[in-house]
Amino acid sequence: MIEDIKKDAAARMAKSIDSLKHDLVKLRTGRAHTSLLDHVTVSYYGSETPLNQVASITIGDARTLVVTPWEKNLVPAIEKAILASDLGLNPATAGTVIRIPLPPLTEERRRDLIKLVRQEGENSRVAVRNIRREANADLKELLKEKDITEDEERRAQEAVQKLTDKYTGEVDKVVAAKEAELLEI
């Protein structure tokens, strides 16, 4: 029972780290990377479809993304979807190819993005601590039902705390890496 609680807590904490990484990928740095457009959806025959399922996305150079739709009639829809996204990008169409230049970030925008990264990191730390709280509540419930002894509960709580420390440290590493990426010019 105790092992199940610890495994569940560890799995949920790992998922919160994955969620943080997924959220931080959407933040635009000065460099081009194809995952920047992962959350953009295009109206394709009446349904919203992820951009990477209707076009190929490649990196032209360090500051340019190239989107090549698989159907010519999708060019205006893709262009409109990119303009409507929260990325602040201006696509340029040349025939059937859409080029998306990434403007360099201003110092003010970098500071705003770093604040956003830190906020996302804090949200992940809170999520990890909430998982710890729930695991400890489950352990107290087992103790109350006399399924485990007080010593077993205390040792399990220490193990859950070690998991919490490990995953909050991982959150800090992810946040620090993204901050460093934002600060490099």
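Debye calculation, C-alpha points only, no solvent: report log10 I(q)/I(0) for the chain at q = 0.12, 0.17, 0.19, 0.20 Å⁻¹, in the same order as the q values.
Each listed q maps to, in turn, -0.71, -1.01, -1.14, -1.21.
Given labels modelled 7 Å from the Cα in the Cβ direction, how far is it in nm from residue 35 to residue 154?
Between residue 35 and residue 154, the simple spin-label model gives 4.3 nm.
As a quick test, which of the pairs 6/146; 7/166; 21/166; 21/140; 6/166 have an alpha carbon distance above 24 angstrom in this structure?
21/140
Quick one: angle between helix 150-183 and the longest Cα principal axis of the chain, in degrees between 0 and 90, rounded to 10, please.
Taking the Cα atoms of the chain, the angle to 150-183 is about 20 degrees.
Counting helices only, and only those DSSP H runs with n ≥ 4, report the 222 nm mean residue ellipticity of the chain as the sum of -39,500 (n - 2.57) divided by its residues, in deg cm²/dmol to the nearest 500.
Working: 4 runs with 106 residues, N = 185.
Estimated from H runs of four or more residues: -20500 deg cm²/dmol.
Grab the Cα-Cα distance for residue 27 and residue 147, subtract it from 0.36 nm times how many residues apart they are, and report the gain in nm with one decimal.
On the way: separation 120, 0.36 × 120 = 43.20 nm, distance 4.70 nm.
My answer for the length gained is 38.5 nm.
Tell me the Kirkwood hydrodynamic radius of segment 6-53 in angstroms, computed as one over the mean inverse distance between distinct C-alpha pairs. Show your work: numbers first, answer last.
Working: mean 1/r = 0.0771 Å⁻¹.
For segment 6-53, the Kirkwood estimate is 13.0 Å.
Between residue 93 and residue 134, what length in nm is gained on full extension when 0.36 nm per residue of separation is reduced by their alpha carbon distance?
9.6 nm
Only sites in a loop by DSSP and with at most 13 other Cβ atoms within 10 Å count here; which chymotrypsin sites (Phe, Trp or Tyr not before Pro) in segment 31-125 make the cut? Provide the component values of the computation, followed by the final result.
Working: sites: 44, 45, 70; in loops: 45, 70.
Those that pass, being in a loop and sparsely packed, are 45, 70.
Provide the three semi-axes, in whole Å and in decreasing order, of the ellipsoid equivalent to segment 34-101 as defined by the square roots of 5 times the Cα gyration tensor eigenvalues. Don't jump to the answer; show the numbers that get you there.
Working: eigenvalues 57, 34, 23 Å².
Over the Cα atoms of segment 34-101, the semi-axes work out to 17, 13, 11 Å.
Bin width 10 Å, alpha-carbon pairs only: give the P(r) of segment 85-185 as whole percents, running from 0 to the bin holding the largest distance.
Using 10 Å bins, I get a P(r) of 13, 26, 20, 17, 12, 8, 3, 0 for segment 85-185.
Simple spin-label model, 7 Å along Cα-to-Cβ: residue 64 to residue 123 in nm?
Rounded to a tenth, the inter-label distance reads 3.4 nm.
With labels modelled as points extended 7 Å from the Cα through the Cβ direction, what inter-label distance (nm, one decimal) is found for residue 45 paired with residue 4?
Inter-label distance under the simple model: 4.6 nm.
Sorting 21, 115 on the 10 Å Cβ count, fewest up front, what's the list?
On the way: 21 16, 115 10.
Ordered from fewest to most neighbouring Cβ atoms within 10 Å, 21, 115 come out as 115, 21.
Could you give the dipole magnitude of segment 48-185 about its Cα centre, charging the beta-carbon of Lys and Arg +1 and that of Asp and Glu -1, in debye to the nearest 20? Before the final figure, lay out the partial values.
Working: 22 positive and 26 negative charges, 78 e Å.
Roughly 380 debye for segment 48-185.
Throughout, read-outs are computed from the coordinates displayed, never taken from laboratory work. Just so you know, these numbers come straight off a predicted model, no measurement behind them. FYI the Cβ positions are ideal-geometry reconstructions off the backbone, even for glycines, and counts take in every protein chain you see.
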